[in-house]
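Take a look at the structure below.
Rule-based calculations on the coordinates, nothing more; no lab input. If you're wondering where the values come from, they're calculated on a predicted model, not measured in any experiment. As a convention, Cβ positions derive from the backbone with ideal geometry for all residues, glycine included, and neighbour counts pool all protein chains shown.
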């Protein structure tokens, strides 16, 4: 059965997220410093100290959701911020309950995300043009749908016909949802990888139903293995990791261990791979 569906992540996969996120992270730090009574210099000193610890011992840290790591800390600037901020809040005994903590963390993101820049990878426009003509293409992202649609409109090509599923919450775990095992183990991670990402599962399932397709007809493409590819891999979909400069080696290795996977940082090379592998 010929593969015909691409589920494509957006931030970090089509965009240069390090460049895009810089102003938003600066605003995040300003808000955090104000809220806990730090000066800008005090916060930056603490931020850099924790960043150093994360780089030296990556398995001890991650993006925490209700006490569970849902993604590595170093995956992108927002992941780093989502890892460092709770450590500082714990030190200062601020926003300590799960609900209060999650609400505060989301507020930092929501208030500052609008400050982010628009910076697509060099070949994003050509990549979209090539694959949308040969596959049923869906963009599935944690970001707000309207903001993603607006950003895509800034590309030279006309891509307004690409369906966008925003707010996928690939990071959100539904512990009381027993359809999938709670977690699996992968060599190199040294911690459980959690599968019960129901909201993301529901998006994938809806795409399958809309196309009357099976899992092996889908290619999931993203830049963060644990968020974008872990669940599709478990569901026996094809996967592609588009690594960035600081993508952890253990994420690349985990992707390569799956027989129906591919790793390619260059979008034009990736377009060629998809055309040759699945369209002939």
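Would you order 204, 155 from fewest to most other beta-carbon atoms within 10 Å of each residue's own beta-carbon? Numbers along the way, then the final one.
Numbers: 204 23, 155 16.
Going from least to most buried by this count: 155, 204.
Length gain on complete extension for the stretch residue 98 to residue 252, per 0.36 nm per residue less the alpha carbon to alpha carbon distance?
Numbers: separation 154, 0.36 × 154 = 55.44 nm, distance 3.15 nm.
Using 0.36 nm per residue and subtracting the Cα-Cα distance, I get 52.3 nm.
First check a/c for region 18-115, with a ≥ b ≥ c the square roots of the eigenvalues of its C-alpha gyration tensor; if it is under 1.5, answer rounded, and if not, answer prolate when a/b is larger than b/c or oblate otherwise. Walk me through the numbers on the way to the answer.
On the way: a/c = 1.18, a/b = 1.08, b/c = 1.10.
Note, shape of region 18-115 comes out rounded.
Can you give me the Kirkwood hydrodynamic radius for the chain, using every pair of distinct Cα atoms, in Å to one decimal?
With all distinct Cα pairs of the chain included, I get 19.5 Å.
Mind pulling the angle between the C-alpha long axis of helix 17-36 and the longest principal axis of the chain? Nearest 10 degrees, somewhere in 0 to 90.
For 17-36 against the chain, the angle is about 30 degrees.
Along the Cα→Cβ direction, 7 angstrom out, place labels at residue 268 and residue 213. What is the inter-label distance in nm?
For residue 268 paired with residue 213, the spin-label model returns 2.7 nm.
Can you sort 143, 114 by how many other beta carbons sit within 10 Å, fewest first? Write down the numbers at each step before the final one.
Details: 143 19, 114 11.
The fewest-first ordering by Cβ neighbours comes to 114, 143.
Provide 135, 278 in ascending order of the number of other Cβ atoms located within 10 Å of each residue's Cβ, fewest first. Mind showing how you got there, number by number?
On the way: 135 21, 278 18.
Listing 135, 278 from fewest to most nearby Cβ atoms yields 278, 135.
Using 0.36 nm per residue of separation minus the Cα-Cα distance, give me the extension gain between residue 132 and residue 276 in nm, one decimal.
Numbers: separation 144, 0.36 × 144 = 51.84 nm, distance 1.48 nm.
Length difference between fully extended and current span is 50.4 nm.
Over region 18-115, what is the relative contact order in percent, taking alpha-carbon pairs closer than 8 angstrom and at least six residues apart?
Details: 87 pairs, mean separation 31.4, N = 98.
Averaging sequence separation for qualifying contacts and normalising by length gives 32 percent for region 18-115.
With the chain treated as a Gaussian network of Cα nodes joined by springs under 10 Å, which of 190, 210, 257 yields the largest mean-square fluctuation?
Result: 210 has the largest fluctuation of those listed.
What full-extension length gain, to one decimal in nm, is calculated for residue 30 and residue 155 as 0.36 nm per residue of separation minus the Cα-Cα distance?
Numbers: separation 125, 0.36 × 125 = 45.00 nm, distance 3.13 nm.
Full extension of this stretch gives 41.9 nm more.
Gap in Å between the Cα centre of region 179-255 and the Cα centre of region 1-61?
Going from one Cα centre to the other spans 21 Å.
For the chain, what does the helix formula give at 222 nm: sum of -39500 (n - 2.57) over DSSP H segments with n ≥ 4, over the residue count, nearest 500 deg cm²/dmol?
On the way: 10 runs with 125 residues, N = 280.
Rounded to the nearest 500, the figure is -14000 deg cm²/dmol.
Evaluate the distance, in nm, between pseudo-label points positioned 7 Å from the Cα of residue 51 and of residue 183 along their respective Cα→Cβ axes.
2.8 nm
Cα axis of helix 77-92 to longest principal axis of the chain: angle in degrees, 0 to 90, nearest 10?
30 degrees
From Cα pairs below 8 angstrom and at least 6 apart in sequence, can you work out the relative contact order of the chain, rounded to a whole percent? Before the final figure, lay out each step's value.
Details: 430 pairs, mean separation 64.7, N = 280.
Contact order relative to length: 23 percent.
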